[in-house]
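> Take this structure, written in structure tokens, and hold onto it; I'll ask about it next.
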Amino acid sequence: MNQYSKKFLKTHLVEIIMSIPKTIYFNFKVLPVSQAIKFPYIVSYHVKLSGINRKTFLTNDKDLSTCSMRIGFGDSITSRRESPKSLLCVERGGGVIQVGKNLGLSQGCVICVNNAKLILGNKFRCNYSTTIDCSDADIEIGNDVVLGWNVTIKNNDGHHVVENGKDSIISKKIVIKDHVWVCAYSTLLKGTLIQKNSVVAYGALVTNTIDRENVLYGGVPAKMIKENISWRE
């Protein structure tokens, strides 16, 4: 167990103790016994699970360390006025959530997959109240991607828009490449492609392809604001 994991255990000790039943259930539900006994996943009692099992929730890394995957822990400046409850769901239409290593899903996040595949790369982290709605088309998120609080990623319209008697395409794939920071209150809609090493500014609405790397995009709708951009924590 690394120093970061030890600090996490110390900081969230009471909640972790209260979450022992949910943590045990989750690990043995999604992992083989040989991996589950290491308890790589720490899952808060605030998290609601639906349709999650070994067929619908896949872990890429087979050598996960204890407490390296956290679901439902952590808050933000906005947390005092929002619910800490989270939802991790694969709908009846089927689908798969595939994750890398060092996963961090904060409190209040909602992740739902229906008839599609959601891929979360290594070191994926999302802050408080993130929503990912992945239906009828895939969402691929690369390595070292950070989502700020209240970010929404939605690859479907929910309902058909009818134009001249013809239904619109309701869902399109979303791709976020490696090392991207999506700032708080941003929204990414169907068909979005964000190239690596880029930043999506606070409150942006992204509806198309960001075809360059190392750029800052912002606004409603989003457009390129600056080039030669990168970021670090």
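> Using DSSP to define loop residues, name the trypsin sites (Lys or Arg not before Pro) in region 15-99 whose beta-carbon has at most 14 other beta-carbon atoms within 10 Å.
Details: sites: Lys22, Lys29, Lys38, Lys48, Arg54, Lys55, Lys62, Arg70, Arg80, Arg81, Lys85, Arg92; in loops: Lys38, Arg54, Lys55, Lys62, Lys85, Arg92.
Sparse-neighbourhood loop trypsin sites (Lys or Arg not before Pro): Arg54, Lys55, Lys62, Arg92.
> If each residue of separation counts as 0.36 nm, what is the full-extension length gain between Val175 and Arg232 once their alpha-carbon separation is subtracted? Provide the component values of the computation, followed by the final result.
Numbers: separation 57, 0.36 × 57 = 20.52 nm, distance 2.08 nm.
Length difference between fully extended and current span is 18.4 nm.
> Can you bin region 21-116 into rounded, prolate or oblate? Criterion: square roots of the alpha carbon gyration tensor eigenvalues sorted a ≥ b ≥ c, rounded for a/c under 1.5, prolate for a/b above b/c, oblate for the rest.
Values: a/c = 1.88, a/b = 1.22, b/c = 1.55.
Oblate.
> Counting only protein heavy atoms and using a 1.4 Å probe, what share of the accessible area of the chain belongs to carbon plus sulfur, as a whole percent?
Numbers: 6280 of 11810 Å².
Roughly 53 percent of what the probe reaches on the chain is carbon or sulfur.
> Let me ask another. Using the heavy atoms of the protein chains and a 1.4 angstrom probe, tell me the accessible area per residue for the chain in square angstrom.
Numbers: 11810 Å² over 233 residues.
The answer is 51 Å² per residue.
> Could you give the length gained by full extension between Asp63 and Gln98, i.e. 0.36 nm per residue of separation minus their alpha carbon distance, to one decimal place?
Values: separation 35, 0.36 × 35 = 12.60 nm, distance 1.54 nm.
So the extension gain works out to 11.1 nm.
> Computed FRET efficiency, Cβ-Cβ of Val161 and Lys85, R0 41 Å: what is it to the nearest 0.05? Show your work: numbers first, answer last.
Working: r = 32 Å, r/R0 = 0.77.
Plugging the Cβ-Cβ distance into 1/(1 + (r/R0)^6) gives 0.80.
> Let me ask something else. Between Ala36 and Asn214, what is the FRET efficiency for a Förster distance of 45 Å, r being their Cβ-Cβ separation, to the nearest 0.05? Could the numbers behind the result be given before it?
On the way: r = 40 Å, r/R0 = 0.90.
The value I calculate is 0.65.
> Further question: Going Cα to Cα from Lys29, which lysines come in below 17 Å? Please leave out same-chain ones fewer than 8 positions away.
Lys38, Lys48, Lys55, Lys62
> Could you tell me which of rounded, prolate or oblate describes region 144-231, using a ≥ b ≥ c as the square roots of the eigenvalues of the alpha-carbon gyration tensor, with rounded for a/c under 1.5 and, failing that, prolate when a/b is larger than b/c and oblate otherwise? Please report the intermediate quantities before stating the final value.
Working: a/c = 2.20, a/b = 2.00, b/c = 1.10.
Prolate.
> Under 26 Å Cα to Cα from Lys166, which lysines show up? Leave out anything in the same chain fewer than 8 places away.
Within the straight-line cut-off, Lys166 pairs with Lys154, Lys190.
> Okay, next question. Which of rounded, prolate or oblate describes the chain when judged by the alpha-carbon gyration tensor and an a/c cut-off of 1.5?
On the way: a/c = 1.85, a/b = 1.40, b/c = 1.32.
Note, shape of the chain comes out prolate.
> Next up: Let me check against my output: what whole-number percent is the relative contact order of the chain, with C-alpha pairs under 8 Å and at least 6 apart? All intermediate terms of the calculation are to be shown ahead of the outcome.
Numbers: 648 pairs, mean separation 24.6, N = 233.
Relative contact order for the chain comes out at 11 percent.
The values are calculated or read from the model by the stated rules, or taken from the named source; none is laboratory data. Being a predicted model, the structure only gives us computed values, none of them experimental. Methodologically, a virtual Cβ is constructed for each residue, glycine included, from the backbone with ideal geometry; neighbour enumeration extends over all protein chains shown. Accessible surface areas use protein heavy atoms only, side chains included; no ligands, DNA or RNA. Shrake-Rupley method; radii C 1.70, N 1.55, O 1.52, S 1.80 Å.
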